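Please read the structure below before turning to the comments.
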Amino acid sequence: MSEIAKKGISETDSINITKSEFDLNGTWGLTNYFDTIIESKELAKYRLQSPTWFAILLEIENDSLKSFGSIVNDQYLIKRATDTLTTLMSNVSGDKWFLVLKEPELKLIQYPNSERVDSIVYTFRKRDDLSYFSKFNKDFFIIGNNVIDYFNKQLFEGKYINTGTNKEIVFGENGQLIGIDGFDSYEVRNYFGTLHMHRNLDVITFKNKHNNKYKQYNWVFSDDELLLTEFVYEKVTYDGKTYNGDYLVLGKEEIKLKKH
């Protein structure tokens, strides 16, 4: 006789008990954003996925869901009795998405017959390590700063050698920068908001906290090498005169670093 039969519990009851014990409460991170950016070492191209605008992070507590995106935050009620928990909507694109429980993950599936078809199934996984993003302060800019700090650490933190000068460069904890003359801190651009001047290229900003000077570079990783290329204002000629344009383009200065 099986253990289930001995205890007088049917197989169906056992399955239902297991399902009811699954804990939805907590912080959920969009894997197509956080995980993919870390794996590919690229950021800007993945912020173009429309769910990132309204749901890079979900916070569930009982029947309440709060979503945090790079453009908007929102709040929803969820139905725990069904696999389809709720419908999320993008105020930017107008698209609607089913949020579906597929233990141990959540799936975001676009409504059928949407005007802008996105066939990607987006996945959220439990991210207790990201709970601090919204635990104490849910302000949009605080969330954005937490995203910056996260990618500073995950993508850049460590020691490098400038291959041109043989000088050591350190991307330290809490955005501290050592070895770049004139600058003492760094910050990865998180591409939050809607004002973007860098033509969707990845951006890192070197700053001087004492005099507020800064300089921006495009960053590209290739294995253990990091290529930094300066951004300069594009030049626009009008009526015989040349002006700085509204967008930034790649300049001539390059810094090549090798991680060690």
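The values are calculated or read from the model by the stated rules, or taken from the named source; none is laboratory data. Quick caveat: nothing in here was measured; it's all calculated off a predicted structure. So basically every Cβ, Gly included, is an ideal-geometry build from the backbone, and we count neighbours across all protein chains shown. The accessibility values were calculated without ligands, DNA or RNA, using every heavy atom of the protein model including side chains. Shrake-Rupley method; radii C 1.70, N 1.55, O 1.52, S 1.80 Å.
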Where in segment 19-79 are there strands (runs of 3 or more DSSP E), lying fully within it, with 3 or more residues that are under 22 Å from Gly193 (Cα atoms) and in contact (Cβ under 8 Å) with a residue 60 or more places away in the chain?
26-30, 57-61
Which one of Arg116, Arg125 is out of contact with any Cys (no Cβ under 9 Å at 6 or more places or on another chain) and within 18 Å of Thr36 (Cβ to Cβ)?
Arg125
Filter segment 195-235 for residues that are β-branched (Val, Ile, Thr) and free of Cβ contacts under 8 Å to residues at least 40 places away in the same chain; the one that is nearest to Glu254 (Cα to Cα) is Thr229
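Is it true that some residue in segment 239-251 is open to solvent by 60 Å² or more (accessible area, probe 1.4 Å), of a type in the set (A, V, I, L, M) and in a strand (DSSP E or B)?
yes
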All but one of (1) touching a Gly at 6+ places or on another chain (Cβ under 8 Å); (2) open to solvent by 70 Å² or more (accessible area, probe 1.4 Å); (3) not aliphatic (A, V, I, L, M) hold for Thr165; which doesn't?
(1)
Quick one: count up the residues across segment 224-238 that are farther than 18 Å from Met197 by Cβ, open to solvent by 40 Å² or more (accessible area, probe 1.4 Å) and either part of a strand (DSSP E or B) or of a type in the set (Val, Ile, Thr) (or both).
4
Residues located in segment 169-181, provided they are over 22 Å from the mean Cα position of the chain (by Cα) and open to solvent by 80 Å² or more (accessible area, probe 1.4 Å)
Ile178, Asp181
In segment 202-217, the residues that are part of a loop (DSSP other than H, G, I, E, B) and within 15 Å of the chain's Cα centre (by Cα):
Asp202
Leu58 versus (1) open to solvent by less than 20 Å² (accessible area, probe 1.4 Å); (2) closer than 30 Å to Asn218 by Cβ; (3) at pLDDT 95 or above; (4) in contact with a strand residue (DSSP E or B) (Cβ under 9 Å, 6 or more places away or on another chain): which is the lone unmet condition?
(2)
